[in-house]
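Undergrad: Questions regarding the structure given below will be posed in turn.
Please treat every number below as a calculation from the coordinates, not as lab data. Every value quoted in this text rests on a predicted model; they were computed, and no experiment measured them.
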Amino acid sequence: MKKTKYDYGKCDVCGARMREMLIKQDLWIRGNLIVVEDVPAGVCPRCGEKVVKSDIGRRIIDIIENSELIAKSPKILVPSINFREGEAVA
Ligand SMILES: [Zn+2]
C-alpha cells in the first residue's frame, strides 16, 4: 500500500470530513463505458459524495486515452436495461 495521504477537506454537500478511499470510476468515452479501478479519491462517509484531485483526474484522462492499455484490459459485462422495459415491470 502506497501512502497517498491528502487532505480532501470537508464535504461540499454535508460538511463531514472526507476520507481517502480507492474507488471505481466509470466513464463514458465515445459511447463506450470504461471503468478505472482503485482510483484514489476523497469519499464522504456520511453522504457518499466523491472528490477526485485534479492531478488524479489528469492521470485518468491519460489512462482512458491509452488505447493499447484499454485493448489489453479485461472486459466486464454489465446489464443494459431499456427504461421502458423497466416501466413495464413496475
Ligand atoms: Zn457529505
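Undergrad: For the chain, what is the relative contact order in percent, using Cα pairs closer than 8 Å and at least 6 residues apart in sequence? It would help to have the intermediate numbers written out before the result.
TA: Numbers: 90 pairs, mean separation 16.9, N = 90.
About 19 percent, as a whole number.
Undergrad: For region 25-65, take the alpha-carbon Rg, divide it by the Kirkwood Rh, and send me Rg/Rh.
TA: 1.01
Undergrad: Further question on the same structure: Compute log10 of I(q)/I(0) for the chain with the Debye formula, placing one identical point scatterer on every Cα and leaving out solvent, at q = 0.21 Å⁻¹, to two decimals.
TA: Scattering profile of the chain, log10 relative to I(0): -1.04.
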